[in-house]
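The values are calculated or read from the model by the stated rules, or taken from the named source; none is laboratory data. Every value quoted in this text rests on a predicted model; they were computed, and no experiment measured them. All Cβ positions, even for glycine, are placed from backbone atoms using ideal geometry, and neighbour counts span all protein chains on display. Note: accessible area is taken over every heavy atom of the protein model, side chains too, but ligands, DNA and RNA are not part of it. Shrake-Rupley method; radii C 1.70, N 1.55, O 1.52, S 1.80 Å.
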Amino acid sequence: QVQLVESGGGLVQPGGSLRLSCTASGSIFAINTMGWYRQAPGKERELVASITSGGSTNYADGVKGRFTISRDNAKNTVYLRMNNVKPEDTAVYYCNSHVVASGAVYAITYWGQGTQVTVSS
């Protein structure tokens, strides 16, 4: 079994910064793409950013230039650095990872429990 545990959410003022972390644990053979999604009240869950095992990144248009995704493969951890945050960034942020478990032949998508980010003055 694989678990994803997120941390780092909270209340931040507009223009401020926040860093989210997500660590995968359990019987892991390899982790392919890791990413962050978010879901605001009344809206569908959307991709914020993703990063492959080789370090290639992809960002939603609304966060380009403000958010940075990175990962530490040795720690099975993905980070999301959020700079110059805006009220519209308020949402529950979910970690997502494509994990090949020990003994498995294909990857399965796992989700974290979500962490609330609120941008407000």
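Within the stretch 58-99, the trypsin sites (Lys or Arg not before Pro) that combine a DSSP coil assignment with at most 12 other C-beta atoms in a 10 angstrom radius are K64. With protein chains left intact and a 1.4 Å probe, residues in the chain average 52 Å² of accessible area per residue. For the Cα trace of the stretch 1-71, dividing Rg by the Kirkwood Rh returns an Rg/Rh value of 0.98. Both radii were evaluated on the Cα set of the stretch 22-118; the Rg over Rh quotient, with Rh as the Kirkwood radius, amounts to 0.98. Pairs of C-alpha atoms in the stretch 51-93 farther apart than 14 Å represent 52 percent of all such pairs.
Run the numbers on the stretch 7-62 and let me know its relative contact order in percent, using alpha-carbon pairs under 8 Å that are six or more apart. Relative contact order, the stretch 7-62: 22 percent. Phi-derived couplings, Karplus 6.51 cos²θ - 1.76 cosθ + 1.60 at θ = phi - 60°, listed residue by residue for the stretch 32-45: 7, 6, 10, x, 10, 10, 9, 9, 8, x, x, 10, 7, 5 Hz, with x used for Gly and Pro.
Of the GluC sites (Glu not before Pro) in the stretch 2-88, the ones in a loop by DSSP (not H, G, I, E or B) with at most 13 other beta carbons within 10 Å are E44. For the chain, the carbon plus sulfur part of the accessible surface works out to 47%, probe radius 1.4 Å. Taking Lys and Arg as +1 and Asp and Glu as -1, the other residues whose beta-carbon sits under 15 Å from that of S50 total +3. Taking the Cα centre of the stretch 3-121 as origin and assigning +1 to Lys and Arg Cβ atoms and -1 to Asp and Glu Cβ atoms, the resulting dipole is close to 180 debye. When only Cα pairs below 8 angstrom with a gap of at least 6 residues are kept, the stretch 19-108 shows a relative contact order of 40 percent.
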